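Read the structure below first, then the notes.
The values are calculated or read from the model by the stated rules, or taken from the named source; none is laboratory data. What you see is a predicted model, and the numbers here were worked out from it, not measured in a lab. So basically every Cβ, Gly included, is an ideal-geometry build from the backbone, and we count neighbours across all protein chains shown.
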Amino acid sequence: MNNKEKKLKQADMKLSRVNVHQTASGINELKTLSESEKEFINWAQKLFDIPELWVETKGKGIKVAVLDTGIDQDHIDLRDATVGVRDFTGDGIEDLNGHGTHCAGVIAARVNDAGFIGVAPKAELLIAKVMGNDGNGSFEWITGGIDWAVENGAHIISMSISGPTTSDILYKAVHRALVKGVFLVCAAGNEGSLYQNSIGYPGRYRFSRLSPFLLFYLLEEKKDSFIY
């Protein structure tokens with residue numbers, strides 16, 4: 001495979017980027033619900049009342065597979081959360097892009113008096129690097145990551161990635177995961193317009209017969225408000 005072919009192959013999917021670097025106010029609330037007054041929850045957790053759910057669960061016993069650009073294995077918020085890693089790109093598991101580490105942190109950043117707290121700070125992470133350091137990935141890498149996550153006991157697979165086209169191998173990999181009872185959470189993508197279905201794949205499978213256990217998410221910023 002020459003360089004041109006490799007580049008085209010890597011462009012099947014791209015990253016979905018959303019800015020979540022805002023913090024909630026109310027240090028007393030954080031002290032009560034997160035057991036730490038030195039950490040923060042971000043605006044999305046506040047919006048969805050995530051801290052209220054921590055009274056019942058913080059994700060203990062749940063494995064979440066993050067299919068993205070890898071992970072910073074030395075990150076203070078994540079090094080104790082990661083229970084398995086696999087690189088499908090050939091770039092190495094280390095995240096030189098930053099997107100994968102960010103997404104992993106949103107999910108399971110630990111309570112440790114540093115940074116912010118993840119949605120499920122006691123969940124375990126399986127990290128599959130299916131996107132290169134340039135932010136692009138192939139169907140083969142992604143389907144490999146899905147199968148690996150299922151084989152390693154993932155309860156949830158998170159894919160903050162999307163592409164404009166589908167493929168038979170991607171569809172079948174998603175189907176295999178769903179048959180096993182794994183929940184898939186996919187990005188809607190970075191492109192879109194009002195009243196048009198511009199959701200990218202694999203999130204777009206939500207409108208197919210695979211829909212019961214596949215979720216997609218989208219975010220629209222409009223006049224300082226967020227619509228879901």
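Screening the stretch 53-73 for residues that are of a type in the set (A, V, I, L, M) and modelled with pLDDT of 95 or more and picking the one that is surrounded by the fewest Cβ atoms within 10 Å (Cβ to Cβ) gives Ile62. Please tell me if Tyr217 is closer than 19 Å to Gly59 by Cβ, modelled with pLDDT under 85 and not charged (D, E, K, R). So Tyr217 passes the test. Screening Ala149, Ala123 for residues that are in contact with a strand residue (DSSP E or B) (Cβ under 7 Å, 6 or more places away or on another chain), crowded, with 23+ Cβ neighbours inside 10 Å and not β-branched (Val, Ile, Thr) leaves exactly one candidate, Ala149. For Lys180, the conditions (1) surrounded by 18 or more Cβ atoms within 10 Å (Cβ to Cβ); (2) touching a helix residue (DSSP H, G or I) at 6+ places or on another chain (Cβ under 6 Å) are fulfilled apart from (1). I'd like the residue in the stretch 86-106 that is in contact with a Gly (Cβ under 7 Å, 6 or more places away or on another chain) and crowded, with 23+ Cβ neighbours inside 10 Å and, out of all such residues, is nearest to Lys58 (Cα to Cα). Among them, the one singled out is Gly105.
Restricting the stretch 74-85 to residues that are of a type outside the set (D, E, K, R) and assigned to a loop (DSSP other than H, G, I, E, B) leaves a set whose member that is surrounded by the fewest Cβ atoms within 10 Å (Cβ to Cβ) is Ile76.
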